[in-house]
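Asks: One structure is given below, represented as structure tokens, and several questions about it will come after.
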Amino acid sequence: MKNKYSIIIIPPEHEKAPNQIQFSIKAKKIIVISSAAFGLLFSGMCIHDIYQSYYIKSYQQKIAYVDQLELELQAKNLEIARLNEKSAEINDNLLAIASMEKKIASILKIDQETSETEPSRGNFSLQSYSEPASLDQASALLENQKQKFEEYYDVTVKQEDKVNHTPSILPVNGPISSDFGYRRNPFGRWTSEFHTGIDIACPVGTPVMAVADGIVTFAGWDGYWGRKVQINHGFGVVTFYAHNSKLVVNVGDQVKKGQVVAYSGNSGRSTGSHSHYSAYVNGELVDPLIFTTLTKEQ
Ligand SMILES: [Zn+2]
């Protein structure tokens, strides 16, 4: 029994004899070391399991993140495809605008090569738009087109202003009773005179209209023309309407095309009720019908 350890196992009822297990000091050492080794192994396995579960958890998070990235990538690809489609659409519209711009320039008779704003238009030309434009190119092109259309707007406003200031109607609607030019003198049967305008037959009191926009430069009595209204339309054009019975404008008034400026009559040197209409271009008398003829031809 010496140098041996004993473990006595006593049964619960104390009826049976106790069991005795003996082992040496060496065996005790082996048991202790084995238990410690087993404990260490068990702890190691537990730590490994814990580490592994953390690792799997983080890996699962990474997989979820990658899945999310994949979904985002798909959405971005769809967005890029949509943007490419839009970009192609914008390109087509830019081409259409460039083509339309060229037509407008042609109608407005704007020489695109010598246009005043040409130097600021950048390096773009119609030819360079044949390839799909990048966003930078499209932006530059739009800026360029904006400048052109601003220029065309100015030109159009000037042309509209010129059109409004160019005679295109007759002051009175009625038959022409005497033309412009040499005619038999209505006051002297066997002599001729130069008729400085046209006569339009109309009853006394017929509204006499301005034939274009302008400023009244004479409104009053004239020994020869009776009650006369004269309008300066700018661009070298002046018209007057004579033999009126009543004037309804004053010198300095701004009048619009079609605005009533007088009522016809038989005042001054006149043989009957009519409206006399004369026109000057750059100080030279012209046949007033050239304006209405020109307008009709257009
Ligand atoms: Zn006349």
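Asks: Name the most mobile residue of Asn93, Asn232, Asn19, meaning the one with the largest mean-square fluctuation, in a Gaussian network model of the chain with Cα contacts below 10 Å.
Replies: Judging by the Gaussian network model, the answer is Asn19.
Asks: Would you report the distance distribution of C-alpha pairs in the range 141-289 as whole percents per 10 angstrom bin, up to the bin with the largest distance?
Replies: Percent of Cα pairs in each bin: 12, 38, 28, 11, 6, 4, 1, 0.
Asks: Okay, next question. Using 1/(1 + (r/R0)^6) with R0 = 30 angstrom and r between the beta carbons of Asn93 and Leu69, what's the FRET efficiency to the nearest 0.05?
Replies: That pair, Asn93 with Leu69, gives E of 0.30.
Asks: Arrange Ile104, Ile63 by Cβ neighbour counts within 10 Å, fewest through most, would you? Please list the in-between numbers first.
Replies: Values: Ile104 15, Ile63 10.
In increasing order of surrounding Cβ atoms, one gets Ile63, Ile104.
Asks: Classify the range 4-68: rounded, prolate or oblate, from the alpha-carbon gyration tensor (a ≥ b ≥ c, eigenvalue square roots; a/c under 1.5 rounded; otherwise prolate if a/b is larger than b/c)? Don't skip to the answer; put the middle values down first.
Replies: Working: a/c = 11.61, a/b = 2.89, b/c = 4.02.
The shape class here is oblate.
Asks: Taking square-rooted eigenvalues a ≥ b ≥ c of the alpha carbon gyration tensor, is the range 224-294 rounded, prolate or oblate, where a/c under 1.5 means rounded and, failing that, a/b exceeding b/c means prolate? Intermediate results must be reported in sequence, preceding the final value.
Replies: Details: a/c = 1.83, a/b = 1.30, b/c = 1.41.
In terms of gyration-tensor shape, oblate.
Asks: In addition: Counting only helical runs of four or more DSSP H residues, what would the 222 nm mean residue ellipticity of the chain come to if each run contributes -39,500 (n - 2.57) and the total is spread over all its residues?
Replies: Values: 3 runs with 122 residues, N = 298.
Result for the chain: -15000 deg cm²/dmol, rounded to the nearest 500.
Asks: Related question: With point charges of +1 on the Cβ of Lys and Arg and -1 on the Cβ of Asp and Glu, referenced to the Cα centre of the chain, which listed residue (Ala140, Leu289, Cys202) lies farthest in the positive direction of the dipole?
Replies: Ala140
Asks: Can you tell me what percent of all Cα-Cα pairs in the range 35-96 are more than 14 Å apart?
Replies: In whole percent, the long-distance tail amounts to 75.
Asks: Going by how many other Cβ atoms sit within 10 Å of their own, how do Thr196, Thr293 line up, fewest first?
Replies: Thr293, Thr196
Asks: Can you return the lysines within cross-link range of Lys29? Criterion is Cα-Cα under 25 Å, with same-chain partners fewer than 8 residues away left out.
Replies: Within the straight-line cut-off, Lys29 pairs with Lys2, Lys4.
Asks: Charges at C-beta only: +1 for Lys and Arg, -1 for Asp and Glu. How large is the resulting dipole of the chain about its Cα centre, in Debye rounded to 20? Walk me through the intermediate numbers first.
Replies: Working: 29 positive and 32 negative charges, 280 e Å.
Here the chain has a charge dipole of around 1340 debye.
Asks: A follow-up question, please. What list of whole percents do you get for P(r) of the chain, with Cα-Cα distances grouped in 5 Å bins up to the one holding the largest distance?
Replies: P(r) for the chain, in whole percents per bin: 1, 4, 7, 8, 7, 6, 4, 4, 4, 5, 4, 4, 3, 3, 2, 2, 2, 2, 2, 2, 2, 2, 2, 2, 2, 1, 1, 2, 2, 2, 2, 1, 1, 0, 0, 0, 0.
Asks: Rounded to the nearest 0.05, what FRET efficiency do Ser168 and Phe218 give with R0 = 30 Å and r taken as the Cβ-Cβ distance? Could you check? The partial results should precede the final answer.
Replies: On the way: r = 22 Å, r/R0 = 0.73.
Between Ser168 and Phe218 the formula returns 0.85.
Asks: What is the sum of charges, Lys and Arg at +1 and Asp and Glu at -1, for the other residues whose Cβ falls under 12 Å from the Cβ of Gly265? Mind dumping the intermediate values first?
Replies: Numbers: positive: Arg227, Lys228, Lys246; negative: none.
Summing Lys and Arg as +1 and Asp and Glu as -1 gives +3.
Asks: What order, most packed first, do the peptides 197-205, 9-17 have when packing is the mean number of other Cβ atoms within 10 Å of each residue? Mind showing how you got there, number by number?
Replies: On the way: 197-205: 19.0, 9-17: 8.0.
Those peptides, ordered most packed to least, come out 197-205, 9-17.
Laboratory data are not the source of any read-out in this text; all were calculated from the coordinates shown. This one's a predicted model, so the numbers in the text were calculated from it and none came from an experiment. Heads up, the Cβs are rebuilt from the backbone with ideal geometry, glycines too, and the neighbour counts pull from every protein chain shown.
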